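Taking it in order: structure first as structure tokens, then the write-up.
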Amino acid sequence: MKQQIPGLNRVLFFVAATAACPPVASAQNMPDHPKVNVQGQDWTPLSIVSGNMGTPAEQEAQFPPFKVIGNIYYVGTKTLSSFLVVTTAGNILIDTTYERNVRTIQKSVEQLGFKFTDTKIILGNHAHGDHMEGDGLAKELTGAKVMVMAEDEPALRAMKPGGKEHPVDQVVHDGEAVTLGNTTLVAHLTPGHTRGATAWTTTATEAGKTYNVVFFTSLRSPVKISPANELEFARAFKTARLLPCDVPLGDHGREFRMVEKYAKMKAGGPNPFIDPAGCTTELDIEEAMFDAVVEEQKAAAKP
Ligand SMILES: [Zn+2]
């Protein structure tokens, strides 16, 4: 009987993890193995999730809103990213995070001098509550169109905070461009973490130079990887590595070292978010972990 308990916890956790990036309470159930070392730093599934989510307070606390580069601004919380892309025809909001954070995002947008009601399009990086639960409320407050990736549509339709239907105004497919005013974002399906997990790319101009910006989605593997899921991740890593990238961003601040880069930015000097070498850092961590989880799983399956 005792032996069944950890297995049961793992199954329950896996079910929860497919519905949302695990909240911190569930992160305690993440295993601290396998361990991988990338660029001198050790990582485990537990340390990755803990770093992504932070404390419940950090998930809700406003991070000082700031300009990342060109027309791209950070409007998220301490650990959950939300980006505002300002165009000549209104703005695009990427990731509304939890519904309870939408008013904080609104406050950040307004503190930067923009109107929340100028938000015309809402996009998301993957169908988990900590990234897209707030779509309905954000739409209510702005009238923006919610565009979702086809492969994530079923998961989003099942995401109903307070029983509210998840808005879906337009379905987007891999490779499709979303244009508003002078700005275009392109969807790149990088599945695995969810069926429709998407990296969005655009360009931004600063001091006369144009840079490739990538809003990466999570590539964090689950505790158990099915053969179909393994194929999705293989595709995702390949696609993500091929994206032209000067400015790596992500759905959690940890993934693009936001706090360190923000401190550097405040200290002056060149924009630390222009970081081509950093474009593969998170990919290297997630792919090493994915390989290690697959390896561990295969070893455990051997008689
Ligand atoms: Zn997630």
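Values in this text are rule-based calculations from the coordinates and carry no lab data. Keep in mind the model is a prediction, meaning the values are calculated, not measured. Methodologically, a virtual Cβ is constructed for each residue, glycine included, from the backbone with ideal geometry; neighbour enumeration extends over all protein chains shown.
Numbers at a glance
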item: Hypothetical label at ARG157: residues of the range 115-139 whose amide nitrogen lies under 17 Å (7 Å Cα-Cβ projection); result: 127-128, 136
item: Å³ per residue enclosed by the Cα convex hull of the range 27-301; result: 127 Å³
item: Other-chain or far-sequence residues with amide H under 5 Å of VAL146's (modelled H); result: ILE122, ASP169, GLN170
item: Whole-Å semi-axes of the ellipsoid equivalent to the range 32-180 (Cα gyration tensor, √5λ, descending); result: 26, 19, 16
item: Mean ellipticity per residue at 222 nm, deg cm²/dmol - from DSSP H runs of n ≥ 4 across the chain, formula -39500 (n - 2.57); result: -10500 deg cm²/dmol
item: Computed lengthening from ALA61 to ASP284, 0.36 nm per intervening residue step minus Cα-Cα distance; result: 77.4 nm
item: Long-range HN-HN contacts of THR87 with modeled amide H, under 5 Å; result: ILE92
item: Calculated FRET efficiency for the pair GLN297/ALA89, C-beta based, R₀ 45 Å, to 0.05; result: 0.40
item: Nearby lysines by direct alpha-carbon distance to LYS266 (threshold 22 angstrom, same-chain neighbours under 8 apart not counted); result: LYS67, LYS78, LYS107, LYS209
item: The range 284-299-the range 206-259 distance, computed between alpha-carbon centres (Å); result: 17 Å
item: Relative contact order (%) - criterion: Cα under 8 Å, at least six apart; region: the chain; result: 15 percent
item: Segments 34-43, 270-279 sorted - mean Cβ within 10 Å per residue, highest first; result: 270-279, 34-43
item: Packing-based ranking, highest mean first, of 47-56, 161-170 given that Cβ atoms within 10 Å are counted; result: 47-56, 161-170
item: Counting DSSP beta bridges with both ends in the range 27-301, the antiparallel % (nearest 5); result: 70 percent
